[in-house]
Amino acid sequence: MPAFTYTAIDVAGKQVSGDLVVRNKSEAYRELESKTLTPITVMPAGEDTPARSSRKAAAQQTGPAKLKRPELVLFTEELADLLDAGMQLERALKILHDRQANKSIKAVSGILRDEIREGARFSKALEKASPSFDELYRSLVAAGEASGSLPEILRRLVVNLKQLFDLQRRTMGAMIYPITVMLACVVLIFVFSTVLMPSLSEMMQKTGQDLPMITDLLIKFTDFMGAWWWLLLGILVGSFVLFRLYISTANGREWWDGYKMKIPAFGPVILGRFYAQFCHTMSNLINNGVPLLNSLKLIERGTPNKYIKRHLESVVLDVGEGSSLGRAMEKTESFPEALVDRVAIGEQTGELGKAFHKAAIKYDDDLDIRISRLTTVVPTVMLVFVAMIVGVVAYCMITTIFGSMAGIRGR
């Protein structure tokens with residue numbers, strides 16, 4: 001007898017999927033009614049709807065749709081709004097697919113809806129729908145499914161994505177002026193070395209004066225760069241390739257992930273973002289009834305930073321062996337003492353979720369301050385560096401000109 005696949009709603013209002021072996025579609029509907037299931041779709045096994053077939057064909061031709069960061073934020077935010085309004089996930093994805101004008105979001109929503117209707121978990125469907133949903137995104141969604149707090153998790157993802165996007169936008173915006181000045185500085189040095197300095201050097205030789213030491217050093221430097229630029233470029237490219245090969249290894253990736261957090265100005269932002277994300281996620285999971293060990297495992301799986309991941313693995317292992325979370329975090333020596341103390345107090349009072357929530361608010365505020373400092377300090381440092389270069393060039397020109405004038409007067 002033929003087999004049919006179905007998607008239906010049970011008496012509790014939950015969506016279920018499965019297979020039936022019956023003679024025809026009418027018997028399939030009667031079988032579902034006898035099980036007090038309300039059918040949504042019933043089709044022969046392996047048969048696709050025309051819309052799904054067209055989406056499959058498009059995906060095979062162009063590959064999974066990729067979402068830009070603003071599109072990823074928009075998709076996550078709108079889906080969270082629909083779920084907050086009380087809609088089921090499949091219905092929310094249908095609305096996004098039918099009403100969304102953005103083609104990428106529309107395509108991703110359609111693929112996700114098809115996967116959900118076939119019975120796939122949302123976190124698994126994300127992996128098939130688009131590479132834009134990275135491991136951290138999918139793991140947090142899985143945590144939301146496990147805890148029943150998917151809308152809250154999506155809201156938190158929106159905040160994190162916006163913070164990262166805002167950091168990149170503010171940093172790039174703040175760097176535009178210094179980069180423009182630096183490019184002008186490079187042009188100035190080029191003109192100075194190729195046009196002005198040869199004329200000034202000739203003038204100094206005619207007057208019998210020696211070039212000032214700093215001017216002579218600058219000329220020698222520009223001559224060296226002009227003669228050996230290809231070697232320096234090769235060294236830079238080779239070093240970059242070797243660096244990329246090294247960090248593609250397990251040990252290299254862990255070293256680089258750890259080193260990034262020690263870079264002045266940028267490192268504290270990376271750490272602060274992790275602490276805020278860690279505390280918010282733990283708060284959501286614990287407050288929604290997910291066991292502590294399962295919560296830690298979900299976060300550990302979704303952490304892309306290998307250095308942090310290794311410390312989280314140690315925490316998971318210690319907690320699994322019966323250690324308290326505070327003691328396990330303290331043992332790694334990678335968590336701030338203030339956070340460890342908050343966690344220890346939360347464990348003692350039985351309000352661990354509340355302790356993580358308060359810590360998350362604190363790290364959110366700290367992260368905002370660090371981002372503001374970063375977007376202020378980096379452009380300032382670049383401007384100072386450019387000003388020093390321009391000052392050296394100007395000093396060389398002035399001393400050379402005055403030296404030439406003094407030689408002419410001495411005659």
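Descriptive notes on the structure:
- Förster-model FRET efficiency, 25 Å R0, W255 and E313, C-beta, rounded to 0.05: 0.90
- At R0 = 41 Å, FRET efficiency that the Cβ-Cβ distance of A387 and I235 yields, to 0.05: 0.90
- Per-atom-type breakdown for the range 254-375 gives carbon and sulfur 53% of the accessible area (1.4 Å probe, protein chains only).
- Rounded if a/c under 1.5, otherwise prolate or oblate - the range 236-387, Cα gyration tensor axes: oblate
- In order along the range 371-384, the phi-based Karplus estimate (6.51 cos²θ - 1.76 cosθ + 1.60, θ = phi - 60°) of 3J(HN,Hα) comes to 5, 4, 5, 4, 6, 9, 6, 4, x, 5, 4, 5, 5, 5 Hz; Gly and Pro are listed as x.
- Carbon/sulfur fraction of accessible area - the range 69-142, other protein chains in place, 1.4 Å, %: 47 percent
- Approximating the spin labels as points 7 Å out from Cα along Cα→Cβ, the R373-to-V187 distance works out to 3.6 nm.
The values are calculated or read from the model by the stated rules, or taken from the named source; none is laboratory data. Please read these numbers as outputs of a predicted model, since none were measured by experiment. All Cβ positions, even for glycine, are placed from backbone atoms using ideal geometry, and neighbour counts span all protein chains on display. Ligands, DNA and RNA are excluded from the accessible area calculation, which covers all protein heavy atoms including side chains. Shrake-Rupley method; radii C 1.70, N 1.55, O 1.52, S 1.80 Å.
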